[in-house]
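Peer 1: There's a structure below that I have some questions on.
The values are calculated or read from the model by the stated rules, or taken from the named source; none is laboratory data. These numbers were taken from a predicted model, which means no experiment stands behind them. No Cβ is skipped: glycine too gets one built from the backbone with ideal geometry, and neighbour counts run over all protein chains shown.
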């Protein structure tokens, strides 16, 4: 599967952003996504990513920086 951006020239023609590595007569399927829908999807994905990072690295997260001579915070503790 390949994703290629295209510009609509008129009701029957598109200008592709890159060449297709297909022989003449090959059939392709095209999915049209309106620009406003793309923007909404991008915003939703960005919000979800930020939410995931906040959950993974919250205020209660231990310090992961390394100081020479000390074991990392994630090292197994022996008793």
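Peer 1: For residue 48, indicate whether it is outside any loop (DSSP other than H, G, I, E, B) and surrounded by 10 or more Cβ atoms within 10 Å (Cβ to Cβ). Before you say what the answer is, go through the steps one by one.
Peer 2: Values: outside any loop (DSSP other than H, G, I, E, B): yes; surrounded by 10 or more Cβ atoms within 10 Å (Cβ to Cβ): yes.
Yes: the conditions hold for residue 48.
Residues are listed down the side, and each one gets a yes or a no for (1) modelled with pLDDT of 75 or more; (2) assigned to a helix (DSSP H, G or I); (3) in contact with a strand residue (DSSP E or B) (Cβ under 7 Å, 6 or more places away or on another chain); (4) surrounded by 10 or more Cβ atoms within 10 Å (Cβ to Cβ):
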site: 29; (1), (2), (3), (4): yes, no, no, no
site: 52; (1), (2), (3), (4): yes, yes, no, yes
site: 58; (1), (2), (3), (4): no, no, no, no
site: 66; (1), (2), (3), (4): no, no, no, yes
site: 73; (1), (2), (3), (4): no, no, no, yes
site: 76; (1), (2), (3), (4): no, no, no, no
site: 79; (1), (2), (3), (4): no, no, no, no
